[in-house]
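The values are calculated or read from the model by the stated rules, or taken from the named source; none is laboratory data. Keep in mind the model is a prediction, meaning the values are calculated, not measured. Using ideal geometry, Cβ is built from the backbone for each residue, glycine included, and neighbour counts are taken over all protein chains shown.
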Amino acid sequence: MLNEKMIEALNNQVNEEFYSAYLYLSMAAHFENIGLKGFANWMRIQAMEEKDHAMKIFDYLARQGAKIKLFGIKEPPSEFGSIKEIFEEVLKHEQYITSKINELVDLAESLKDRPTFNFLQWYVDEQVEEEENANDILSQLKLIGDNKNALFMLDKELSQRTYAP
Ligand code: OFO
């Protein structure tokens, strides 16, 4: 039986994850619009993974017999800056999500909620990967600068990303 505070915090995190999906889907739409199909593919898959992050918490709440409550999803931005700025935004967003996961871990710890503490470890590891991925692409974009050929090569590389639930 989960503590009410924990249930509320996990329900909020479901919303954060769906917002992440929406944010990346909006970035995918932007990349489609400017003809960078590889970047669009990367963002689409990112969005699908975020939906999975949300559903994993949804399932955990269900398994614990806790009340699941869905909130409205905030509208994501639809206007974006340069490609580098977009990935700076991705990194910033992932750092924010990491801080939310850390808050959940702290709450589970303070409530001595061992099952939730264990459940959250997957997210702790996942956030290391999420920040790493955003950082890697950002570093490449910094190296690429104004080189269009290199940008198209990166676009091609990002088109190879596949969805692996
Ligand atoms: Fe991007 O890791 Fe979930 O939100």
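In region 37-49, which residues are in contact with a Leu (Cβ under 8 Å, 6 or more places away or on another chain) and over 13 Å from residue 160 (Cα atoms)?
47
Just the residues that are of a type in the set (Asp, Glu), within 25 Å of residue 90 (Cβ to Cβ) and surrounded by 13 or more Cβ atoms within 10 Å (Cβ to Cβ), please, taken from region 107-130.
Selection gives 126, 130.
Do we have residue 117 as in a helix (DSSP H, G or I) and touching a Gly at 6+ places or on another chain (Cβ under 9 Å) here?
The answer is no for residue 117.
Take the residues in region 138-165 that are surrounded by 14 or more Cβ atoms within 10 Å (Cβ to Cβ) and among the polar types (S, T, N, Q); name whichever of them is nearest to residue 35 (Cα to Cα).
159
Answer yes if at least one residue in region 25-44 is near the ligand (Cβ under 9 Å from one of its atoms) and either in contact with a helix residue (DSSP H, G or I) (Cβ under 9 Å, 6 or more places away or on another chain) or at pLDDT 95 or above (or both), and no otherwise.
no
In region 109-140, which residues are in contact (Cβ under 8 Å) with a residue 12 or more places away in the chain, away from the ligand (no atom under 16 Å from the Cβ) and acidic (Asp, Glu)?
Selection gives 113 alone.
Only one of (1) away from the ligand (no atom under 16 Å from the Cβ); (2) touching a residue at least 24 places away in the same chain (Cβ under 8 Å) is not met by residue 4, so which one is it?
If we test residue 4 against (1) away from the ligand (no atom under 16 Å from the Cβ); (2) touching a residue at least 24 places away in the same chain (Cβ under 8 Å), just (2) comes out false.
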